[in-house]
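Any read-out appearing in this document is the output of simple, stated calculations on the displayed coordinates, not a laboratory observation. Computed from a predicted structure; not experimentally measured. Note that each Cβ is placed from the backbone with ideal geometry, even for glycine, and that neighbours are counted across all protein chains shown.
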Amino acid sequence: MQTVVLAAGQGTRMRPLTASRPKPMLPVGDRPLVAHTVDTAVDAGASHLVVVVGYEADDVRSYFGETYRDVPVTFVVQAEQRGTADAVRVASEALADGPFVVLNGDALYDTPSLRRLYESGPAVGSYRVENPSSYGVLITDGSEEADAVRVTGVIEKPAEPPSNRINTGAYHFPAEAQSWLEVGESERGELELTDVLERTCSEFAVSAVTFERWLDVGRPWELLAATEWKLGDLDGRVEGEVHEDAILEGPVVVEEGATVRSGVVVEGPALVRAGATVGPNAYVRGATVVGEGGKVGHGVEVKNSILMEGATVGHLSYVGDSVLGRDVNFGAGTKVANLRHDGADVKLTVKGERVSTGRRKLGVVIGDGVKTGINASLNAGVVLSEGATVGPGEVVTRDK
Ligand code: G1P
């Protein structure tokens, strides 16, 4: 089945992590986010991938190349991000006549459910959530509990959702939909694929395929959730150097060229990437990734965090539930708070708005190249823009 993957967006809600790379290329475990989406698509039955690129397009292009896992890949460029219907309209130039699947390139889907979507007739992937108002919500004519539910329409971001079944951004369209891609602007000023879905619902029986697992990776803490998911599937293996008195518990991957020194305890799932070093005397736990060339030094504890390529935490630090961008350097003694005293969910500013993350434990989100001085303290929910600096002994309670 020919498959369109939407990977052109800028990922503004993911700032500052997307300051110089597109959201689909942010790392989730051992590969970029969009590679998980594409891998699932290939496992589910994709026979030709049409990847829509835009922002920082070359990153995506060079990752996949012209064939990926024996599946041909065509790239199409959406010059201006005008919405998902516009992206698929651009992609349709590379599609053959016939049905097609469309996937959001920034979502994780479980393979058995996606396979059911591929193998069904016209369908949309659905997922049940407690607060559907920030998604497209499906209108159905069947009982909420039934397995094969017919979708009659979709409402974007409704204040009063008609159901708790949301649109996952995975669609199986009939061939005819290729001629319905010219849609008018929605209220939010975009050309929406959900309008194409509406039209499909009026002319075809469209079913809701309920996903067992799905994750929209749009905001920084969702990158942690994505990593927790993908590291949860990890099988441990040691290809690098691990000192004989280091303790690796649970699934831990130490890639070739990585070093785990003496006195280290790693409680998996954890991934220590090529060229990274951990220790001596460090403690790594939770779903943690130490990126290529990264460093977790002496007396450092890292819990449930992502250290991207070249990020170094050299001495006597604590980093919990945090995302550190490329080439971040934490000065000795830098500490991260990851829990509020009042036990409430940690809030974060996303596109200028304070939002609850739903996470009781969340540390900081640090853009590429940030440097902190010795003994810096970073409060829970702080976001530091790419290239920011924190002085020695500084207590940071507001974003910089
Ligand atoms: C898009 C779709 C929406 C869907 C969501 C899933 O929304 O329009 O129906 O529920 O993806 O992530 P957007 O992310 O563009 O706001």
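Just add up the charged neighbours of residue 233: K/R +1, D/E -1, any other residue whose Cβ is under 13 Å from the Cβ of residue 233. Walk me through the numbers on the way to the answer.
Details: positive: 31, 213, 230; negative: 30, 39, 43, 110, 228, 235.
So the surrounding residues net to -3.
When 368, 342, 106 are ordered from fewest to most other Cβ atoms inside 10 Å of their Cβ, what list results?
In order of increasing Cβ crowding within 10 Å: 342, 368, 106.
Please report the orientation-averaged projected area of segment 1-108, defined via the convex hull of its C-alpha atoms, in nm².
Mean projected area for segment 1-108: 6.3 nm², to one decimal.
Which one of 184, 200, 210 has its Cα pushed farthest toward the positive end of the charge dipole of segment 130-215, where Lys and Arg give +1 and Asp and Glu give -1 at the Cβ?
Farthest towards the positive pole: 210.
Where Lys and Arg each count +1 and Asp and Glu each count -1, what net charge lies around residue 320 among other residues with Cβ under 14 Å from its Cβ?
Local charge sum for residue 320: +3.
Given an 8 Å cut-off on Cα distances and at least 6 residues of separation, report the relative contact order of the chain as a percent.
11 percent
Roughly what angle does helix 220-232 make with the longest principal axis of the chain, taking Cα atoms, 0 to 90 degrees, to the nearest 10?
Its long axis makes an angle of about 90 degrees.
Compute the whole-percent fraction of alpha carbon pairs in segment 170-215 spaced more than 12 Å apart.
The proportion of pairs with Cα distances above 12 Å equals 65 percent.
Three principal axis extents, largest first, for the C-alpha atoms of the chain, in Å?
Result for the chain: principal-axis Cα extents of 64, 44, 41 Å.
Quick check: pseudo-label points 7 Å beyond the Cα along Cα→Cβ at residue 111 and residue 70, how many nm apart are they?
For the pair residue 111/residue 70, the computed spacing is 1.4 nm.
Please give the calculated 222 nm ellipticity per residue for the chain, where each DSSP H segment of at least 4 residues contributes -39500 (n - 2.57) and the sum is spread over every residue; nearest 500 deg cm²/dmol?
Value at 222 nm, helices only: -4500 deg cm²/dmol.
From the C-alpha coordinates alone, can you work out the Kirkwood hydrodynamic radius of segment 118-257, in Å?
About 17.7 Å, per the Kirkwood formula over Cα pairs.
Grab the Cα-Cα distance for residue 61 and residue 351, subtract it from 0.36 nm times how many residues apart they are, and report the gain in nm with one decimal. Intermediate values should be presented prior to the final figure.
Values: separation 290, 0.36 × 290 = 104.40 nm, distance 2.75 nm.
Here the answer is 101.6 nm.
Sort all Cα-Cα distances of segment 81-194 into consecutive 5 angstrom bins from zero, then give the percent of pairs in each bin up to the one containing the longest distance.
Spelled out per bin, shortest first, that is 2, 11, 20, 23, 23, 14, 6, 1.
Rounded to the nearest whole Å³, what is the per residue volume of the convex hull around the Cα atoms of segment 286-343?
71 Å³
If you bin every alpha carbon distance in segment 237-280 into 5 Å steps from zero, what whole percent lands in each bin?
Histogramming segment 237-280 at 5 Å steps yields 7, 28, 37, 27, 1 percent.
Could you work out, for segment 203-309, what percent of all Cα-Cα pairs fall into each 5 Å distance bin, beginning at 0 Å and stopping at the bin that holds the largest distance?
3, 13, 21, 24, 13, 8, 5, 4, 3, 3, 2, 1, 1, 0
Based on Cβ point charges of +1 for Lys and Arg and -1 for Asp and Glu, what charge dipole magnitude is obtained for the chain about its Cα centre, in debye rounded to the nearest 20?
1360 debye
Can you give the net charge of the other residues whose Cβ lies under 15 Å from the Cβ of residue 339, counting K and R as +1 and D and E as -1?
The answer is +3.
Given the pairs 157/400; 303/351; 23/335; 335/361; 157/230; 230/335, which span a C-alpha to C-alpha distance of over 23 angstrom in this model?
From 157/400; 303/351; 23/335; 335/361; 157/230; 230/335, over 23 Å: 157/400; 303/351; 23/335; 157/230; 230/335.
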